[in-house]
Amino acid sequence: MEVVVLAKWVPVTQEEELKLVRGEKAVDLEEIPFRLNEWDTYAIEEASRILEAHGGTGWVVSLGGEEADTALRRGLAMGLGKGALIETEEELVDPFERAQIFKNFLEKKGIKFDLLLSGVQAEDDQFAATGGILAGLLDLPYATMVMGIEEISEGEVTVLRELEGGFMERVRISLPAVLSVQTGINEPRYVSVTGVLAAAKKEREFLPVDEFSEGRKGRIEILKLEFPPPREGAEIIKGDLDEVVENIFEILKEKGVR
Amino acid sequence: MGYALVVGETRGGVIEERSLDPVYFSDKIGLPSYLLLPQGKYDPLKGVCDKVLVSSFEEGDFLNPLNLVRTVEGVIGAFGAPSLILFPHSSFGMDAAPFLAGRLSWPLITDIAGFYRDEEGMVFVKPLYSEKVHAHFRLRDARGVVGTVRTGAFEGEGMRKETVFERLEAIEKDPRREFLGYLEEEVGDVDITRAELLVSVGRGVKEKENIPTFEELASLLGGTLSCSRPVADRGWLPKSRQVGTSGKTVKPKVYLAMGISGAFQHIAGMKNSEVIIAVNRDPSAPIFQYAHYGVIEDMHKVAQKMIERLKGQG
């Protein structure tokens with residue numbers, strides 16, 4: 001098996017107050033910590049398990065600034081064999097453009113794969129699109145929201161897709177294929193900081209994005225960013241911990257659940 | 001004048017209500033909507049959209065990105081290219097829309113939550129960065145666009161239309177992906193949809209070892225413990241306890257959300273609760289936009305204090 005995983009290095013904004021910059025066209029990410037996109041961690045784990053069971057080579061490929069090397073090293077520390085970083089300092093807001101660059105990379109490097117895995121979405125732009133567009137551009141069968149890879153046999157794979165309301169569907173897909181993996185599909189292995197550091201010795205390529213820019217063009221652009229207009233919002237319960245808890249108990253009593 | 005092609009979704013033969021969000025969106029843009037659906041009877045759609053296009057594919061084959069490309073090519077052959085091809089932002093829409101955009105080489109915008117026009121044309125609003133920022137996107141060229149539309153983002157304006165029903169010609173399946181069947185999740189130990197009080201924990205719970213504290217809190221309050229996606233993903237609580245679009249939709253009397261930031265998929269599963277109390281130490285957490293009461297405080301401290309008080313009262 002030859003498996004390629006796309007991995008994105010993303011800002012962790014869940015607990016951060018964000019500031020807008022560059023004429024309100026971007027978020028100020030200077031002070032924001034980054035990590036490997038959570039969905040991609042699951043994709044890398046799934047790829048490692050497939051390789052352990054079936055043998056073969058695994059690639060982890062990222063598109064971003066030089067810091068994204070940490071995403072590669074994490075992928076390598078988790079069991080993949082080769083890494084490639086397509087380097088750009090530009091913020092590529094259109095998933096179409098990213099997919100086109102990945103397509104050019106795979107073709108130019110002559111990488112033949114059986115499975116290409118990505119996460120369902122990236123934490124930052126939540127587009128949930130790069131894997132699907134890439135599959136479309138390559139004209140390879142695709143499935144997203146993959147919650148289980150049940151069986152890989154000669155030329156095909158059976159997967160479970162997560163639907164709404166606790167339902168799933170089982171689909172059979174011929175290889176080569178592109179799959180986007182949902183969180184919870186597996187339990188990603190723990191990798192220590194030293195493990196990630198040690199992976200610096202593993203094979204990685206650093207390639208300028210210009211080598212893969214043919215036909216690349218953003219089809220959409222950001223006009224501006226803004227903070228969502230506030231809804232009515234919550235009435236904030238203020239006071240010390242005792243007062244706060246007292247208030248919560250009052251509300252529960254009022255609603256007759258205590 | 002163009003039209004918007006809306007790819008609708010049925011499950012078990014029943015049309016999913018979220019298929020109508022893109023129809024309402026088309027109304028807002030001011031384009032006639034052609035709603036494309038798998039084989040079936042759709043009398044209740046009379047008046048809702050301009051055309052109902054009924055595919056020869058049954059549901060399982062229709063809701064398949066590879067076959068859908070062929071279906072859409074058939075529609076384009078018969079009616080000309082639409083200005084927009086729209087999906088609900090669901091598991092199906094996320095599966096099919098990007099793939100179709102790639103095949104057609106059309107721009108794609110997912111999870112569309114707002115829309116307006118300025119002097120240069122259409123502007124699509126989409127949330128980024130865990131709902132904290134809205135991006136306003138413009139198309140770089142005037143050709144069509146593929147989009148997925150957020151559930152509940154647009155309201156129907158009660159327009160009554162002369163709906164025309166048309167059957168599409170049969171086409172061959174793409175053999176490279178095949179629907180084998182549906183599976184339903186196993187029944188859990190507790191039915192969270194029946195609880196009057198849910199104590200719901202999210203990412204903020206931090207580690208598995210902290211779960212028993214919230215179990216205890218829920219039980220002292222006579223409520224039930226539920227969770228958001230990250231907690232179920234890590235296996236800290238069973239999937240049957242998960243609230244949200246891929247889990248359960250709940251409407252208890254009180255929903256006490258602790259350490260839940262409020263991803264849209266979670267909000268969709270609990271927003272109809274009678275009272276929502278959110279405890280989160282991040283004042284910019286989107287959940288405070290939806291909660292009735294908010295406590296900006298560490299969930300662990302609040303839980304400890306509540307337990308202390310509940311035990312003290314004996």
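Laid out as a table, the results:
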read-out	value
FRET efficiency estimate (nearest 0.05) - Cβ-Cβ, residue A:109 to residue A:53, R0 30 angstrom	0.75
Summed side-chain charge close to residue A:180 - residues other than residue A:180 whose Cβ falls under 12 Å, Lys, Arg +1, Asp, Glu -1	-3
Mean projected area (nm²) of the alpha-carbon convex hull when region B:81-196 is viewed from all directions	13.2 nm²
Inter-chain shielding of A:242-251 (mean C-beta neighbours from other protein chains, 10 Å cut-off)	5
Per residue convex hull volume, Cα atoms of the protein assembly as shown, in Å³	157 Å³
The protein assembly as shown, dipole about Cα centre (Lys/Arg Cβ +1, Asp/Glu Cβ -1), debye to the nearest 20	420 debye
Degrees, to the nearest 10: A:38-54 long Cα axis against longest axis of chain A	40 degrees
Å² of accessible area per residue within region B:4-167, as computed with a 1.4 Å probe and no ligands counted	34 Å²
Using alpha-carbon coordinates, inclination of helix A:95-108 to the longest axis of chain A, degrees	20 degrees
Accessible surface of region A:2-212, 1.4 Å probe, proportion on carbon and sulfur as whole %	47 percent
Test item: B:278-289 mean partner chain Cβ contacts at 10 Å	3
Using a Förster distance of 22 Å, the FRET efficiency for residue A:250-residue B:215 (Cβ separation, nearest 0.05)	0.40
Semi-axes of the equivalent ellipsoid for region B:192-312, Cα gyration tensor, largest first, Å	18, 16, 15
Net charge dipole size for region A:78-228 [Lys, Arg +1 and Asp, Glu -1 on Cβ; Debye, nearest 20]	420 debye
Estimated 222 nm signal from helices in chain B, with DSSP H stretches of n ≥ 4 weighted -39500 (n - 2.57), rounded to 500	-7500 deg cm²/dmol
Contour minus Cα-Cα distance for residue B:167 and residue B:39 (0.36 nm per residue)	45.2 nm
Shielded residues, region B:82-117 - accessible-area loss of 30 Å² or more between chain alone and all protein chains, probe 1.4 Å	B:91, B:94, B:95, B:98, B:99, B:102, B:103, B:105, B:107, B:108, B:110
Dipole of region B:42-181 [Lys/Arg +1, Asp/Glu -1 at C-beta], most positive-end residue of B:81, B:135, B:179	B:135
Binned Cα-Cα distance frequencies in chain B - 10 Å width, integer %	6, 24, 27, 22, 15, 5, 1, 0
Label-to-label distance, nm, for residues given as residue A:197 and residue B:206 (7 Å Cα→Cβ offset)	2.5 nm
Helix axis angle, A:241-254 relative to chain A longest principal axis, alpha carbon, degrees	80 degrees
Two-site FRET efficiency, residue A:2 against residue B:182, from Cβ-Cβ distance with R₀ of 35 Å, rounded to 0.05	0.65
Residue B:159-residue B:73 pseudo-label distance in nm [points 7 Å out on the Cα-to-Cβ vector]	3.1 nm
Over chain A: Kirkwood hydrodynamic radius from C-alpha pairwise inverse distances, Å	20.2 Å
Residue mean of other protein chain beta carbons inside 10 Å, A:169-179	4
Fluctuation leader among B:122, B:94, B:258 - chain B, Gaussian network, Cα springs under 10 angstrom	B:122
Centroid-to-centroid separation of region B:75-113 and region A:160-232 [C-alpha atoms, Å]	20 Å
Among A:78, A:147, A:168: highest mean-square fluctuation, GNM of chain A, C-alpha pairs under 10 Å	A:168
Total accessible area lost when A and B pair, probe 1.4 Å, Å² to nearest 100	8200 Å²
By average C-beta atoms within 10 angstrom, highest first, the peptides B:229-239, B:41-51	B:229-239, B:41-51
Selected from A:53, A:200, A:122 as most flexible by GNM, with chain A as the system and alpha-carbon contacts under 10 Å	A:53
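The values are calculated or read from the model by the stated rules, or taken from the named source; none is laboratory data. Every value quoted in this text rests on a predicted model; they were computed, and no experiment measured them. We place every Cβ from the backbone using ideal geometry, glycine too, and count neighbours over all the protein chains shown. Note: areas computed on protein heavy atoms with side chains; ligands, DNA, RNA excluded. Shrake-Rupley method; radii C 1.70, N 1.55, O 1.52, S 1.80 Å.
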